[in-house]
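To start, the structure itself, in structure tokens.
The values are calculated or read from the model by the stated rules, or taken from the named source; none is laboratory data. Note that this is a predicted model, so its numbers are computed, not measured. With ideal geometry, Cβ positions are generated from the backbone for all residues, glycine too; neighbour counts draw on all protein chains shown.
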Amino acid sequence: MNATERHVAWPEGMVSGAPYWAYQDEATYRLEQKRIFEGAVWNYVCLDADVARPGDYRTTFVGEMPVIVVRGEDGEIYAFENRCAHRGALIALDDGGSNARDFQCVYHAWTYDLKGNLKGIAFEEGSNGQGGMPRDFAKEKHGPRKLHTATLFGLVFASLSDDVPPIEDYLGEEIHGRIERVLRKPIRVIGRFTQALPNNWKLYAENVKDTYHASLLHLFFGTFRITRLTQGGGVLVSEDGGHHASYTIDAPGDAKSDEYARQGIRSESKGYRLADPSLLDSVDEFGDRIQLQILTVFPGFVLQQINNALAVRQILPKGIGRMELNWTYFGFEDDTPEMRKRRLKQANLVGPAGFVSMEDGCVGGFVQRGVATAGDEFSVMRMGGDATQTDTTRATEASVRGFWKAYRTHMGI
Amino acid sequence: MGSMGVSAPSLNSRLIELNAAYARAIDDGNFEAWPEFFLEDGLYKLTSADNHAQGMEAGVMYADSRNMLRDRISALRVANIYERQRYRHIVGLPSVLASVGSGVRSETSFLVVRIMRDGTMDVFATGRYLDLIEEDADGNLRFRERIAVCDSNRFDTLVAIPL
């Protein structure tokens, strides 16, 4: 690892500050591909419903690695690198499809079964007794890299590592329970959008774990009491630091709190009311008064419940200073027409134009640009101390520190 | 206009005027005028061609009342944080597709360039407006529905200003 040698040293074990070279360094970025995305982690790849029937497939990415996720004839889900063993071309070109019986590379027509095994080579025996592959060429020794898959509550995760723990152990009981809380029923996808962000992927990973910023950057939240730091709630951080779930509980006493006004924080704007309040006409569909739950699974998965706006987000790195965020909005198969309409309206809260999420699209870029020549400086993330523990306040950066704890562990830096 | 008088404008030219006024309001930053192009219970949705083709109902923006559109603009003015930017709409000629009750269905292509405060200009979106247009009580053409279907499913950074 040369990055740490070329740059200011990152004190061992320090997670309450990160050096800005971590968002800028090419060698670090390459190492992340190997040690994080291709390492002992579970990467979210798609929904179980996306590959419902044998032959259904989707193409996506694990880090920057293109992958195919497909339901095999045996009903199992397989994932393998979307790279032909011959000359490295993409095997599947579309976003997905159905009824696939095999995959054939367009370049020289090498063919793969649904498990990613190389099965056919065009002109393997040559033509008219001439050419062809050498007799000792063993197809079973050539093929795209295969990934392990795990399905949990309708979410499909993939890992290149043989050492990754079972998904339940990887998540831990608490995070597992928080996913189950939202995903108990068959889901129905209602929209998919991609947001291209002008920042390193880690800036978004941090942002989504950052409970401190939510009601300060996002005025819409504070004004309409969807969430404020003075509301009830907290943050759970997994043992390894990598996963988190933050939540707010509707607390009736909150209307009297004047802490925002007292501190002169911009988020408070008392006169602002919706002309059509049906946007926030929410129901407690999970029966626990939790209005908002944001959950992450290291390195790049987000499950979001903001009132009745439900979505999964997939964080994909696209170079040092670029990333894509894939949004999948969903409801449930048994949604009533009223609930369906409610979800369509509340989808305004999230996504690239979200009333409470659009700022997250630009704020990472503000950091990326702000630290342009500050590679040897460190961020400060000491709200709530220096630890990464679960807490009952969201005025803490514990879960962001948790991200860096897991990051340093996986990176070995 | 002299002795020849002015012939009643054709439907087509009225649609062209509507689209031009709509684009001009947004591009001039006169966002408060934007909701007024819709009927009281009009629908505006911003989505993509893939979602539209697959029958996915959710949009990047979704409003089923003029008041929701007004809320969009209030949020834009008061709440949301984004870097200063403008749009330039280039709107194509409308194709009238069908008469529906007292209104018409039409389709019009658009191209939107986004101009950032530092001068960066990008093709931000291209697509088509799928419209259901009716006259309001005063005889003005208004949108009962305007579905802005972007050709691409990918949005750069954020969408603050409506398309």
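Out of A:89, A:40, A:52, which single residue is hydrophobic (A, V, I, L, M, F, W, C) and closer than 21 Å to residue A:141 by Cα?
None of the others qualify; the one that does is A:89.
Out of B:102, B:95, B:106, which single residue is touching a Pro at 6+ places or on another chain (Cβ under 7 Å) and closer than 24 Å to residue B:14 by Cβ?
B:106
If we keep just the residues of segment B:40-63 that are hydrophobic (A, V, I, L, M, F, W, C) and crowded, with 20+ Cβ neighbours inside 10 Å, which is farthest from the chain's Cα centre (by Cα)?
B:58
Go through (1) touching a strand residue (DSSP E or B) at 6+ places or on another chain (Cβ under 6 Å); (2) over 20 Å from residue B:22 (Cβ atoms); (3) among the polar types (S, T, N, Q) one by one and return the number of the condition residue B:152 breaks.
Among (1) touching a strand residue (DSSP E or B) at 6+ places or on another chain (Cβ under 6 Å); (2) over 20 Å from residue B:22 (Cβ atoms); (3) among the polar types (S, T, N, Q), the lone unmet condition for residue B:152 is (1).
Residue by residue through segment B:123-141, note down the ones that are within 15 Å of residue B:17 (Cβ to Cβ) and either part of a strand (DSSP E or B) or of a type in the set (Phe, Trp, Tyr) (or both).
B:129, B:131, B:133, B:135, B:141
Would you check if there is a residue in segment A:242-256 being over 17 Å from residue A:302 (Cβ atoms), touching a helix residue (DSSP H, G or I) at 6+ places or on another chain (Cβ under 6 Å) and at pLDDT 70 or above?
Scanning segment A:242-256 turns up no residue that is over 17 Å from residue A:302 (Cβ atoms), touching a helix residue (DSSP H, G or I) at 6+ places or on another chain (Cβ under 6 Å) and at pLDDT 70 or above.
Output the residues belonging to segment A:77-101 that are without any contact (Cβ under 8 Å) to a residue 60 or more places away in the chain, more than 14 Å from every other protein chain (Cβ to nearest Cβ) and surrounded by 14 or more Cβ atoms within 10 Å (Cβ to Cβ).
Within segment A:77-101, A:85, A:86, A:89, A:90, A:91, A:92, A:100 meet the criteria.
Just need a number here: residues in segment B:49-62 that are touching a Gly at 6+ places or on another chain (Cβ under 8 Å) and either more than 22 Å from residue B:133 (Cβ to Cβ) or at the interface with chain A (Cβ under 9 Å from one of its Cβ atoms) (or both).
Summing the residues that are touching a Gly at 6+ places or on another chain (Cβ under 8 Å) and either more than 22 Å from residue B:133 (Cβ to Cβ) or at the interface with chain A (Cβ under 9 Å from one of its Cβ atoms) (or both) in segment B:49-62 gives 6.
Would you tally the residues in segment A:356-413 being crowded, with 19+ Cβ neighbours inside 10 Å and either touching a Cys at 6+ places or on another chain (Cβ under 8 Å) or acidic (Asp, Glu) (or both)?
Matching residues across segment A:356-413 total 4.
Here is a list: B:122, B:71. Which entry is buried (at least 19 other Cβ atoms within 10 Å of the Cβ), within 12 Å of chain A (Cβ to nearest Cβ) and acidic (Asp, Glu)?
That would be B:71, the only listed residue that is buried (at least 19 other Cβ atoms within 10 Å of the Cβ), within 12 Å of chain A (Cβ to nearest Cβ) and acidic (Asp, Glu).
Exactly one of (1) under 19 Å from the mean Cα position of the chain (by Cα); (2) within 8 Å of chain B (Cβ to nearest Cβ) is unmet by residue A:355. Its number?
Of the numbered conditions (1) under 19 Å from the mean Cα position of the chain (by Cα); (2) within 8 Å of chain B (Cβ to nearest Cβ), the odd one out for residue A:355 is (1).
Given the criteria loosely packed, with under 15 Cβ neighbours inside 10 Å and over 18 Å from the mean Cα position of the chain (by Cα), does residue A:120 qualify?
yes
Restricting segment A:296-325 to residues that are farther than 22 Å from residue A:153 by Cα and surrounded by fewer than 23 Cβ atoms within 10 Å (Cβ to Cβ), which is nearest to the other protein chains (Cβ to nearest Cβ)?
If we take residues in segment A:296-325 being farther than 22 Å from residue A:153 by Cα and surrounded by fewer than 23 Cβ atoms within 10 Å (Cβ to Cβ), then A:324 is nearest to the other protein chains (Cβ to nearest Cβ).
Please work out if residue B:76 is within 18 Å of the chain's Cα centre (by Cα) and either modelled with pLDDT under 95 or facing chain A (nearest Cβ under 8 Å) (or both).
When the stated conditions are applied, residue B:76 passes them.
Filtering segment A:1-58 down to residues that are of a type in the set (Val, Ile, Thr) and in a helix (DSSP H, G or I), which residue is nearest to residue A:320 (Cα to Cα)?
A:28
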